[in-house]
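The values are calculated or read from the model by the stated rules, or taken from the named source; none is laboratory data. Keep in mind that what you see is a predicted model, and the values were worked out from it rather than measured. We place every Cβ from the backbone using ideal geometry, glycine too, and count neighbours over all the protein chains shown. All accessible areas refer to the heavy atoms of the entire protein, side chains included, with ligands and DNA or RNA removed. Shrake-Rupley method; radii C 1.70, N 1.55, O 1.52, S 1.80 Å.
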Amino acid sequence: PRDENQMASVFLRWAFPPAGLEVYGEFLREDFGRDVRHAFEEPDDLSGRMFGLQKTLELSGARIIAIRGEVVNSELHHSERMDRYGRPGSVPRPYPRYVHLGKVPQGHTQLGQILGSPAAYGGSGWTLGVDTYDQGGRWTIDLSRTEITDWLWSHFGTVGPGIADVIYALNLEAVRFARGMEWAARVTPSLNLNRNVEEGNDVFNLSVSFGVRGIPW
């Protein structure tokens with residue numbers, strides 16, 4: 001039925017154990033298409049793509065460092081950033097991933113939680129990170145950028161002002177093992193530029209978490 005949507009994806013992972021290298025990627029496309037000609041002319045329309053890699057290096061003192069990066073892009077095709085007749089100021093057609101014909105997400109959420117990257121909701125993003133492992137645990141630092149929307153809408157049904165809702169976040173995490181216990185701490189400062197697609201509405205946030213697992217005897 002035209003009021004329901006489905007998605008199909010192809011996932012590829014290629015690991016090179018001797019080189020300590022892993023490469024992976026995914027291509028996703030919604031099943032909606034205007035006609036066969038549209039499918040041939042714009043095979044990348046209504047789609048999202050992701051690519052990532054990870055490289056490990058052995059250091060002295062039984063330490064391993066992992067350098068990783070990932071990028072995802074699910075923005076609407078440039079030809080679909082206006083209405084079906086190409087006129088600005090109308091509701092974009094089609095809608096971003098997870099939304100179909102203006103309805104709430106169908107079949108791609110668990111109790112409203114998106115089953116995938118938030119950046120795939122009509123946006124894009126990337127992550128660069130470094131993990132260090134040793135016998136005592138793990139240290140992690142990564143930087144990420146998530147673009148929620150840009151030319152879409154500030155409120156559903158109205159076109160946005162042509163600015164981007166972007167979040168930059170720095171994640172610092174430590175996991176240490178001591179006396180049969182696992183101690184974990186995380187600090188994540190982030191800056192949301194143009195929050196809710198409102199120009200100049202910049203919001204800072206700081207997330208701090210601490211956890212302990214295990215039995216000390």
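Brief remarks follow.
- Potential extension, Ala178-Val36 segment - 0.36 nm per residue separation minus Cα distance: 45.0 nm
- Accessible surface of the range 167-216 [probe 1.4 Å, protein heavy atoms]: carbon and sulfur percent: 57 percent
- Approximating the spin labels as points 7 Å out from Cα along Cα→Cβ, the Thr132-to-Asn196 distance works out to 4.1 nm.
- In order through the range 59-66: 3J(HN,Hα) via Karplus (6.51 cos²θ - 1.76 cosθ + 1.60), integer Hz, x for Gly, Pro: 10, 5, x, 6, 10, 10, 10, 10
- A simple rule links phi to the HN-Hα coupling: the Karplus curve 6.51 cos²θ - 1.76 cosθ + 1.60 with θ = phi - 60°, which for the range 42-55 gives 10, x, 8, 6, 6, 10, x, 9, 9, 9, x, 8, 8, 10 Hz, with x for Gly and Pro.
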